[in-house]
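One structure below.
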Amino acid sequence: MQKENYQHIIDQIKGTPAKLVVVSKTRSLEQIRPFYENGQRMFGENRVSELVEKQAALPKDIEWHLIGHLQSKKVKHIASFVALIHSVDSLRLLEEINKQAEKNDRKIPVLLQFKIAQEESKYGLKMPDLAHFQVEDYPFVIFRGVMGMASFVSDKPQITNEFRQLTYYFSQLKTLHFSNNPDFTEISMGMSGDYEIALAEGSTMLRVGSLVF
Ligand SMILES: *Cc1c(COP(=O)(O)O)cnc(C)c1O
């Protein structure tokens with residue numbers, strides 16, 4: 001654990017709406033425990049199998065976030081416990097999450113992931129994908145906000161613009177679909193290399209891994 005880096009981020013977000021999700025993918029249980037002992041409760045994983053194993057092995061008051069691409073057929077493995085799915089990138093996936101949530105007699109909180117990066121490989125929705133979207137179709141889903149990943153570049157203006165695009169999607173969706181929904185508050189953006197830009201652009205959830213491990 002890079003305790004100074006971790007503490008620096010904690011100090012930076014103190015008194016702001018922003019929260020820190022420690023991205024623990026590929027890290028061992030021994031590497032994760034010191035964060036827990038420091039009071040960290042939100043952890044993010046990008047693979048279902050790893051998430052399931054770590055959830056079983058670590059304390060039950062951890063909030064597990066799924067931040068990576070999720071295949072519909074794997075939703076059932078995490079539906080009983082996942083605290084937030086950041087990576088909802090299709091309506092088909094949303095339907096499956098709704099279905100598995102109902103089976104587990106709970107509501108599952110999600111973020112809608114938008115494609116904001118220039119790079120072709122990144123997953124995510126575009127606004128037209130939501131042309132036929134209706135909140136009422138997903139009674140077992142709690143819509144908490146949006147998520148995005150900026151391009152992996154060092155061009156600060158480009159990253160800034162991409163985060164602004166996500167903030168714009170958030171406010172458009174809020175107006176169009178969630179104006180009466182007090183749960184729709186989160187903008188998940190910012191990783192080790194760009195979290196300070198993300199904070200300046202209104203991030204409420206930082207997903208930071210390598211900088212703090
Ligand atoms: C790995 C990952 C992160 C964290 O990346 P770092 O550069 O290690 O901070 C954040 N978000 C997603 C979706 C990731 O896959």
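The values are calculated or read from the model by the stated rules, or taken from the named source; none is laboratory data. Only a predicted model underlies this, so the values are computations on that prediction, with no experimental measurement involved. Reconstructed Cβ throughout: ideal geometry from the backbone, glycine too, with neighbour counts over all protein chains shown. The area values use the complete protein model at the heavy-atom level, side chains included, leaving out ligands, DNA and RNA. Shrake-Rupley method; radii C 1.70, N 1.55, O 1.52, S 1.80 Å.
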For segment 115-213, which fully contained strands (runs of 3 or more DSSP E) count at least 2 residues that are free of Cβ contacts under 8 Å to residues at least 60 places away in the same chain and in contact with a helix residue (DSSP H, G or I) (Cβ under 8 Å, 6 or more places away or on another chain)?
-> 141-148
Picking from Gly193, Gly209, which residue would you name as being of a type in the set (Gly, Ala, Ser), out of contact with any strand residue (DSSP E or B) (no Cβ under 9 Å at 6 or more places or on another chain) and within 13 Å of the ligand (Cβ to nearest atom)?
-> Gly193
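Please verify whether Gly68 is farther than 13 Å from Ser87 by Cβ, open to solvent by less than 60 Å² (accessible area, probe 1.4 Å) and either modelled with pLDDT under 95 or assigned to a loop (DSSP other than H, G, I, E, B) (or both), treating the condition exactly as stated.
On the way: farther than 13 Å from Ser87 by Cβ: no; open to solvent by less than 60 Å² (accessible area, probe 1.4 Å): yes; either modelled with pLDDT under 95 or assigned to a loop (DSSP other than H, G, I, E, B) (or both): yes.
So Gly68 fails the test.
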In this structure, does Val52 turn out to be surrounded by 20 or more Cβ atoms within 10 Å (Cβ to Cβ) and among the hydrophobic types (A, V, I, L, M, F, W, C)?
-> no
Scan segment 6-46 residue by residue and report those that are small (Gly, Ala, Ser), within 15 Å of the ligand (Cβ to nearest atom) and either part of a strand (DSSP E or B) or open to solvent by 40 Å² or more (accessible area, probe 1.4 Å) (or both).
-> Gly44
